[in-house]
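Just below is one structure, and these are the notes that go with it.
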Amino acid sequence: YFTANYASLVGTYTTDATPGTEAVWTDTSVPEPGKYYYRVVPFNDNGTSPASTTAVQSPWLGKDTGVSGVSGVTATVSPESETTVLLTFNPPTGSNGGYIDLADIAYKITRTSGSGTTATLEEAWRGELPYVDATLPGLDSYTYSVYSVYNGSTSWSAAKSNAVVTGGTVPLPYSQDFSASSSTALFTFFHGEGASRDWSRSSNALNYWGSPADAWAVLPKFHLEAGKAYELTFTARVNRAASPKELYVYTGTEASAEGLPTEVFHETVSSTFAETKSLIISVDADGDYCIAFRCYGPSDSNDIYVDDITVAETVITPQPVSELTAEVAPKGELAVTLRWLNPSRTTTDSEITVLDKVEVLTGNDSYTVDAPEAGAESSITVPVESAGTHTFTVVPYLNGYAG
């Protein structure tokens, strides 16, 4: 509200105007950036119009004096390096709606690890997006905050990115008992189409419930080498035997359904007691690999628990013998003939030509077949001490290690 008088006069516009036509006048005397109100007073030789003048407010004139915060901060792992993160975001706009020269804006960028440690990467960064962070100290979960810096002032609040798990691989041996609240900080969780829930940490274990089930829990990456054997052990149970769950383990190079193509384990878990599971994992080429647990198939609101996960390099051993049979001696003789097919491959699926030996165990006694041919049939007749039912265990050996 102001009075149209000579004190507020900023200019006059003279024209041979026809009533009802448009007129244009430009104010070149704006003293500083801001929003201004204008009143236009028509007059002619007969005097000034006595009608009340209408005021109009202009948009912000000149460069804006303030900026809004940045938005859309997105962190992604570089496709070229697991130890590099790419950061993108939307630049700020004028807080008053005025013009902003993006060259006048800088950005303060900080990085916070899953353990809560915050590092300032840039105080006043100017450059082309994406911003590249190649200074990760190691594998962790990382979140980024971006502040705007304008007219010598840094914004009080920041826009935060999503969390990304990257920075390399976890060294072996690896173990996780989920006793700490941060136990799953380096895990990646997602669910398939049609499902709505993810795995989580509950009761000091990895836990899932929900229907339908298609939930993935991906361990942090490990560096695995071809020709070596790695043992994965874990316990699994359900809280209700009448509500079993289908549990799978997959391996691959990326923490996504498409990046985890190799199924290495599948079992229906129906016991309410924690049972230990063990399997051997091998890879075709050196590289960084993911191991994922997947609950898939029929499910309900009852839980499945996975706990005490370990991953460690183990010795390469032969696969077990197959087609094992026990044939009793005739006429009640206290002897039995055992026949079996020797393994031809190791736990890493490499080929075997000759085994060290095959050992037959029964009670406190043991018998040996030396240097049997891999993949061929072997047999041995052994005595027993008494009539009755007996149990025999057949164990192949390779390079001094029992299968």
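The values are calculated or read from the model by the stated rules, or taken from the named source; none is laboratory data. Everything quoted here is computed from the prediction, not taken from an experiment. Virtual Cβ from ideal backbone geometry, glycine too; neighbours counted across all protein chains shown. Quick note on the areas: whole protein, heavy atoms, side chains included, nothing else; ligands and nucleic acids left out. Shrake-Rupley method; radii C 1.70, N 1.55, O 1.52, S 1.80 Å.
Odds and ends about this structure:
- Single residue of the stretch 182-193 satisfying the filter (modelled with pLDDT of 90 or more and surrounded by fewer than 19 Cβ atoms within 10 Å (Cβ to Cβ)) that is farthest from the chain's Cα centre (by Cα): Glu193
- Scanning the stretch 9-55 for residues that are among the hydroxyl-bearing types (Ser, Thr, Tyr) and within 26 Å of Ile100 (Cα to Cα) returns Thr26, Thr28, Ser29, Tyr36, Tyr37, Tyr38.
- In the stretch 275-298, the residues that are touching an Asp or Glu at 6+ places or on another chain (Cβ under 8 Å) and farther than 20 Å from Tyr174 by Cα: Cys295, Tyr296, Gly297, Pro298
- Qualifying residue in the stretch 170-191 (condition: in contact (Cβ under 8 Å) with a residue 24 or more places away in the chain, out of contact with any Phe, Trp or Tyr (no Cβ under 9 Å at 6 or more places or on another chain) and farther than 24 Å from Arg294 by Cβ): no
- In a residue-by-residue description of the stretch 260-273, the property of being β-branched (Val, Ile, Thr), more than 29 Å from the chain's Cα centre (by Cα) and open to solvent by less than 70 Å² (accessible area, probe 1.4 Å) applies to at least one position.
- Any hit, the stretch 70-83, residues being within 16 Å of Gly152 (Cα to Cα) and either over 19 Å from the mean Cα position of the chain (by Cα) or open to solvent by less than 40 Å² (accessible area, probe 1.4 Å) (or both): no
- Taken together, the residues in the stretch 97-118 that are open to solvent by less than 40 Å² (accessible area, probe 1.4 Å) and more than 22 Å from the chain's Cα centre (by Cα) amount to 6.
- Test for Glu246: is it under 19 Å from His191 (Cβ atoms), assigned to a strand (DSSP E or B) and within 25 Å of the chain's Cα centre (by Cα): yes
- Candidate set: the stretch 141-166, residues that are out of contact with any strand residue (DSSP E or B) (no Cβ under 7 Å at 6 or more places or on another chain) and either hydroxyl-bearing (Ser, Thr, Tyr) or in contact (Cβ under 8 Å) with a residue 12 or more places away in the chain (or both); chosen: the one nearest to Ser71 (Cα to Cα): Ser157
- Selection within the stretch 21-52: residues that are open to solvent by less than 90 Å² (accessible area, probe 1.4 Å) and closer than 26 Å to Val67 by Cβ. The member of this set that is farthest from the chain's Cα centre (by Cα) is Asp27.
- Leading residue by the ranking (farthest from Thr169 (Cα to Cα)) among those in the stretch 194-204 that are open to solvent by 20 Å² or more (accessible area, probe 1.4 Å) and either in a strand (DSSP E or B) or not charged (D, E, K, R) (or both): Gly194
- Failed item, numbered, when Leu121 is tested on (1) touching a residue at least 40 places away in the same chain (Cβ under 8 Å); (2) within 26 Å of Gly66 (Cβ to Cβ); (3) surrounded by 12 or more Cβ atoms within 10 Å (Cβ to Cβ): (1)
- Annotation: of all residues in the stretch 167-181 being small (Gly, Ala, Ser) and touching a strand residue (DSSP E or B) at 6+ places or on another chain (Cβ under 7 Å), the one that is least open to solvent (accessible area, probe 1.4 Å) is Gly167.
- In this structure, Ser282 does not satisfy being under 21 Å from Ala195 (Cα atoms) and polar (S, T, N, Q).
- Among the residues making up the stretch 205-222, those that are modelled with pLDDT under 95 and open to solvent by 10 Å² or more (accessible area, probe 1.4 Å) are Ser211, Pro212, Lys221.
- Among the residues of the stretch 366-377, none qualifies, meaning not one is open to solvent by less than 70 Å² (accessible area, probe 1.4 Å), aromatic (Phe, Trp, Tyr) and within 30 Å of Thr253 (Cα to Cα).
- Long-range neighbours under 8 Å by Cβ, at least six apart or interchain, first residue in contact (Cβ under 8 Å) with a residue 60 or more places away in the chain within the stretch 196-216, second assigned to a strand (DSSP E or B) and open to solvent by 70 Å² or more (accessible area, probe 1.4 Å): Asn207/Arg201; Ala213/Tyr296; Asp214/His191; Asp214/Tyr296; Ala215/His191; Ala215/Tyr296; Trp216/His191
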